[in-house]
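Have a look at the structure below, then the notes.
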Amino acid sequence: MADAVIVGAVRTPVGRRGGALAAVHPVDLSARVLTALSERVGLDPAEVDDVIWGCVSQVGEQAWNLARNAVLAAGWPESVPGTTLDRQCGSSQQALHFAAAAVVSGQADLVVAGGVESMTRVPMGSSIALSPAATAAGTGLPYGDQVRDRYRGTPGFAADDPVPFSQGVGAELIAERWGLTRRQLDEYALASHGKAAAAQDAGAFDPEIVPVVLPDGSKVVADEGIRRDTSLEKLAGLKTPFRADGVVTAGSASQISDGAAALAVTTPEWARQRGLRPLARISAAVVTADDPVLMLTAPIPATARVLRRAGLGVDEIGVYEVNEAFAPVPLAWLAETGGDPSRLNPRGGAIALGHPLGGSGARLMTTMLHHMRDHGLRYGLQTMCEGGGMANATIVELL
């Protein structure tokens, strides 16, 4: 069976909510990375068999199969199809998995995987926005009585809430279970900003970033979320919105952001025929699930499973990208996996760079691949916690 290889990886800068990228329609943001991917890799868009795109809030400007609209906006041939998927925060990582499966099985030769989220223009939760009358009647809710009955009485599950599962509450429960203190979470958040600032200053992000031209002709060329002026004192002064006596704050949570990223996936044979140089081979890819109330713990079993699939130990992995949805997630992951803290999110994570939901999986992979190339690291592991208690995990091998 053929291998799946990544021959290109690009991303936009990640914009703050209400920042520069707020002026760009998510379809156009997606088209920007599609165009840049084809130009940088030297792909003929007419040879793309499919575009698989992650997006969580598929409503309004992100509705009606955003992937297909992005293909058209990019000026690619009308013969190129596209489909949009939602595996919550892992949507574009799942897009990568589906792309790999398509080329490995022989159903496709070249697939583009990626994703987008404009959390400014399409706020999180927009896809389940309900009228007061519908909420009062209990209609149009994403969870039926059987789900509520199954988890009713579980700590952290608010059965009378239209969205009874809460990621923030899950983060607090994880901090409690793993004995994580407010000081530890704040220190982790501060380190994330520090690593991201150092990477930005060193120009480490420059090769992976696609400048975005705004309607006024100006360009966005750098991530906006890095807070260089933060400190433990400032972080300690933030409120804990999920529990009055909690430890998780906005400072130790991922930022609400705008952004997009794209990856080109093919086989070694097809790449060789087209004169393309693969960046990495996809060694193993899994998806798993865990407790939906804790919600954010699935990266732990997903990591164990993907390491078994790849026949590797965690000590053989040169870099780990564990999405910083909340600081307790990577800290619990480290505690359970025995990973080396120095290899975790070496260029910062979503706490500093932001988390444009549907685009984050492809953004993390893009950043990890460039870090692996810059430092000659053979293996990299990426995992994402996802709404509903799921997680994808991927191991790639540098070529």
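Taking the conditions exactly as written (touching a Pro at 6+ places or on another chain (Cβ under 9 Å), among the acidic types (D, E) and within 30 Å of R40 (Cα to Cα)), does E208 satisfy them or not?
Values: touching a Pro at 6+ places or on another chain (Cβ under 9 Å): no; among the acidic types (D, E): yes; within 30 Å of R40 (Cα to Cα): yes.
So E208 fails the test.
In the range 26-57, how many residues are closer than 23 Å to S257 by Cα and surrounded by fewer than 20 Cβ atoms within 10 Å (Cβ to Cβ)?
Of the residues in the range 26-57, 1 are closer than 23 Å to S257 by Cα and surrounded by fewer than 20 Cβ atoms within 10 Å (Cβ to Cβ).
What are the residues in the range 342-362 that are of a type in the set (S, T, Y) and either closer than 22 Å to D206 by Cα or buried (at least 24 other Cβ atoms within 10 Å of the Cβ) (or both), if any?
S360
Considering the range 74-90 alone, what residues qualify as being touching a Ser or Thr at 6+ places or on another chain (Cβ under 7 Å) and either surrounded by fewer than 21 Cβ atoms within 10 Å (Cβ to Cβ) or part of a strand (DSSP E or B) (or both)?
L85, C89
Quick check on the range 302-322: of everything there that is crowded, with 24+ Cβ neighbours inside 10 Å and out of contact with any helix residue (DSSP H, G or I) (no Cβ under 6 Å at 6 or more places or on another chain), which residue is nearest to R378 (Cα to Cα)?
Applying the filter and picking the extreme gives V306.
Evaluate the following for R274: is it within 30 Å of A175 (Cα to Cα) and surrounded by 14 or more Cβ atoms within 10 Å (Cβ to Cβ)? Break it down into steps so the answer makes sense when it comes.
Numbers: within 30 Å of A175 (Cα to Cα): no; surrounded by 14 or more Cβ atoms within 10 Å (Cβ to Cβ): yes.
Criteria not met by R274.
Give me the pairs: first residue in the range 106-130 and assigned to a loop (DSSP other than H, G, I, E, B), second residue modelled with pLDDT under 95, beta-carbon distance under 8 Å, and six or more apart or on different chains, which are they?
Final answer for the pair search is G106/A2; G125/V163; L130/G140; L130/L141; L130/P162.
Yes/no per residue for (1) of a type in the set (S, T, N, Q); (2) in contact with a Lys or Arg (Cβ under 7 Å, 6 or more places away or on another chain); (3) free of Cβ contacts under 8 Å to residues at least 12 places away in the same chain; (4) within 22 Å of G259 (Cα to Cα):
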| residue | (1), (2), (3), (4) |
| --- | --- |
| Q167 | yes, no, no, yes |
| L173 | no, no, no, no |
| T181 | yes, no, no, no |
| E187 | no, no, no, no |
| H193 | no, yes, no, yes |
| G203 | no, no, yes, yes |
| V210 | no, yes, no, yes |
| D229 | no, no, yes, no |
| E233 | no, no, yes, no |
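State whether the residues of the range 329-341 include one that is under 30 Å from L34 (Cα atoms) and either crowded, with 16+ Cβ neighbours inside 10 Å or touching a Pro at 6+ places or on another chain (Cβ under 6 Å) (or both).
For the range 329-341, residues under 30 Å from L34 (Cα atoms) and either crowded, with 16+ Cβ neighbours inside 10 Å or touching a Pro at 6+ places or on another chain (Cβ under 6 Å) (or both): absent.
Report, by residue number, each residue of the range 358-392 that is under 21 Å from A222 (Cβ atoms) and of a type in the set (A, V, I, L, M).
Within the range 358-392, A362, L364, M365, M368, L369 meet the criteria.
Being over 17 Å from W53 (Cβ atoms) and among the small types (G, A, S) is the filter here; which residues of the range 102-117 pass it?
Just the residues of the range 102-117 that are over 17 Å from W53 (Cβ atoms), to begin with: 104-107, 109.
Answer for the range 102-117, where residues must be over 17 Å from W53 (Cβ atoms) and among the small types (G, A, S): S105, G106.
From the list L235, L279, which one is buried (at least 17 other Cβ atoms within 10 Å of the Cβ) and over 27 Å from A335 (Cα atoms)?
Residue meeting the stated conditions: L279.
Here are A175, A159, A171, A136: which of them is modelled with pLDDT under 90 and in a helix (DSSP H, G or I)?
A136
Here are Q146, Q200, Q167: which of them is buried (at least 16 other Cβ atoms within 10 Å of the Cβ), polar (S, T, N, Q) and over 15 Å from A332 (Cβ atoms)? Before the answer, list the steps.
Working: Q146 fails: buried (at least 16 other Cβ atoms within 10 Å of the Cβ); Q167 fails: over 15 Å from A332 (Cβ atoms).
Being buried (at least 16 other Cβ atoms within 10 Å of the Cβ), polar (S, T, N, Q) and over 15 Å from A332 (Cβ atoms) holds for just one of Q146, Q200, Q167, which is Q200.
For residues that are closer than 20 Å to E176 by Cα and in contact (Cβ under 8 Å) with a residue 24 or more places away in the chain, scanning just the range 150-164, find the one that is surrounded by the most Cβ atoms within 10 Å (Cβ to Cβ).
G156
Does the range 195-209 include one or more residues that are under 30 Å from V293 (Cβ atoms), of a type in the set (G, A, S) and within 20 Å of the chain's Cα centre (by Cα)?
no
V51 - would you say it is touching a residue at least 60 places away in the same chain (Cβ under 8 Å) and assigned to a loop (DSSP other than H, G, I, E, B)?
So V51 does not fit the description; no.
The values are calculated or read from the model by the stated rules, or taken from the named source; none is laboratory data. Predicted model only: the values in this text are computed from it and were never measured. Here the Cβ is made from the backbone with ideal geometry for all residues, glycine too, and neighbour counts use every protein chain on show.
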